[in-house]
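The values are calculated or read from the model by the stated rules, or taken from the named source; none is laboratory data. Just so we're clear, the structure is a prediction, and the values are computed from it rather than from any experiment. Cβ coordinates were reconstructed from backbone atoms using ideal geometry, including for glycine residues, and neighbour counts include every protein chain displayed. Note: areas computed on protein heavy atoms with side chains; ligands, DNA, RNA excluded. Shrake-Rupley method; radii C 1.70, N 1.55, O 1.52, S 1.80 Å.
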Amino acid sequence: MSTQLTGRPADASVAHWRAVAAATGPADRATAEQAVRDAYRAAGLAEPAEFRWHPSPLAAVTELLDHRDGFGRSVREQVRTAAWERARTAALAAHGPGGWAELWGATGAELAATTALPAERVRAALLDHFAPEPAAQGWEESRRPENKELRRVAGETRATVRLAVLDAVAGQHDAAWFAAFDTAGTGDDALAALAGVARQAGWWWPFENTVLLSERPVALHRDEAGRLDRADGPALAYADGFALYAWRGMPVPADFLEQLTGLTVERIRTEENAELRRVMLEHFGYDRYLAESGAEPLHRDETGILWRIQLPDDEPVVMVEVVNSTPEPDGTHRTYYLRVPPHIRTARAGVAWTFGVEEEAYRPQRET
């Protein structure tokens, strides 16, 4: 049997599972397959007859959609779900609701944002690949029988893909839960076996006769906040070319990043997608946009200058321009642009908001 989860200190557990979640490169397939056999035996099931490895979740779902009838029934409920329920029940019994919530806050919650989000992005990308949403059409055109049928078929396909994706065990993307269960020390042999698979593999699908496993990504890029982020290529990439592109956590089209090198004020203004427009603004630089767009200040006082950028079909970008009173080593004073809520109407109110106080309460003796 696999080694049990034995209640490591929270910091050690979080560090271990953070590394698992961020791991890239080929799996030790023999170790992963043995852990799967352990998980099946712990669930009271016969060992699977076959293991089929794939370079990405995309490749695994492709085979699943083509050959599912040959794999037998899904046993995810017995292999993964039952182990999860036992571990949660044991954790609640051992620590109480308050203690479990505190433990989760110190372990799983810390990792959830950086593990659950990539998993959700992979799910969305798989749905979009196999069953993209039908393009929006006008009311009259939508009444045409052929278009209704296309939408019906697309809807059925999307439902099929969604079920295939939901049959997966998230592997390394389950790191947040393993960190919590590891610290709680409430896992059994079944959970330890699942942890063994997660240390080696990405998503995997347990069926009665066959197990489909996907390799981990070959590249993973994040920003300082742990969000998927890369300006010159895919933020998450698999060996077969399946990839996710993102800028500071926001999904972007594969060709979008190439456009950032030649941005102009007009190109930003004419971008119809509000989220992509925000990415463009951030990359272009708010100060540069203000200078090149001929923007007029909304308000100025001794604390700074308040600027507003009006954007079509989106809330305005409002920033307060301030000068650091502490000089740089060369004697110059650095200028900062601080984004503030759209309701701000004065520079002082904007600066006060950045300090978390009301405008009337902001009366610094010396600004830094």
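Quick one: Debye curve from the alpha-carbon atoms of the range 275-368 only, equal weights, vacuum; give me log10 I(q)/I(0) at q = 0.25, 0.26 Å⁻¹ to two decimals.
Each listed q maps to, in turn, -1.34, -1.39.
Restricting the calculation to Cα positions, tell me the Rg (one decimal) and the Dmax (whole number) of the range 1-103 in Å.
Looking at the range 1-103, its Cα Rg and Dmax stand at 16.9, 46 Å.
As a check on your grasp of the helix formula, calculate [θ] at 222 nm for the chain: sum -39500 (n - 2.57) over DSSP H runs of n ≥ 4, divide by the residue count, round to the nearest 500.
Calculated mean residue ellipticity at 222 nm is -14500 deg cm²/dmol.
Applying the Karplus parametrisation 6.51 cos²θ - 1.76 cosθ + 1.60 with θ = phi - 60° to the phi angles of the range 282-294, what ³J(HN,Hα) value in whole Hz is obtained for each residue in order, glycine and proline being reported as x?
5, 5, 5, x, 4, 5, 5, 4, 4, 5, 7, 8, x
Could you state how much accessible area V165 has, in square angstrom rounded to the nearest 10, with a 1.4 Å probe and all protein chains kept in place?
The accessible area comes out at roughly 10 Å².
Take the Cα atoms of the range 184-296, find their three principal axes, and give me the spread along each one in whole Å, biggest first.
Here the Cα extents, ordered largest to smallest, are 66, 34, 21 Å.
Using only Cα atoms, find the angle between the long axis of helix 10-22 and the longest principal axis of the chain, and express it within 0 to 90 degrees, rounded to the nearest 10.
So the inclination is approximately 90 degrees.
I'd like the Karplus ³J(HN,Hα) series for the range 227-241: coefficients 6.51, -1.76, 1.60, θ = phi - 60°, whole numbers in Hz, and an x wherever there's a Gly or Pro.
7, 4, 6, 6, 9, 10, x, x, 7, 9, 9, 10, 5, 8, x
Does anyone have the angle between helix 108-130 and the longest principal axis of the chain? Alpha-carbon axes, 0 to 90°, nearest 10?
80
Restricting to DSSP loop positions (anything but H, G, I, E, B) with no more than 11 other Cβ atoms inside 10 Å of their own Cβ, which GluC sites (Glu not before Pro) remain in the range 199-304? Write down the numbers at each step before the final one.
On the way: sites: E208, E215, E224, E258, E266, E271, E272, E275, E282, E292, E302; in loops: E208, E215, E224, E271, E272, E302.
Answer in residue order: E224, E272, E302.
Work out, step by step, the length gained on full extension between T89 and E47: first 0.36 nm times the residue separation, then minus their alpha carbon distance; give nm to one decimal. Display every interim value, and only then the final one.
Working: separation 42, 0.36 × 42 = 15.12 nm, distance 2.65 nm.
Answer, rounded to one decimal: 12.5 nm.
As an exercise, find the ratio Rg/Rh for the chain from alpha-carbon atoms, using the Kirkwood inverse-distance average for Rh.
Here Rg/Rh amounts to 1.07.
To the nearest 10 degrees, how steep is helix 175-184 against the longest Cα principal axis of the chain, on a 0 to 90 scale?
For 175-184 against the chain, the angle is about 70 degrees.
Along the charge dipole of the range 278-353, Cβ charges K/R +1 and D/E -1, which of W307, A349, G285 sits furthest on the positive end?
A349
At 1.4 Å probe size, what's the solvent-accessible area of H221? Round to the nearest 10 Å².
Using a 1.4 Å probe on the heavy atoms, I get roughly 70 Å².
What does the charge count around A22 come to, taking other residues whose C-beta lies under 10 Å from its C-beta (Lys +1, Arg +1, Asp -1, Glu -1)?
+3
Determine the order of D313, D255, D174, D229 by accessible area, beginning with the largest, at a probe radius of 1.4 Å. It would help to have the intermediate numbers written out before the result.
On the way: D313 150, D255 85, D174 15, D229 35 Å².
Greatest to least solvent exposure: D313, D255, D229, D174.
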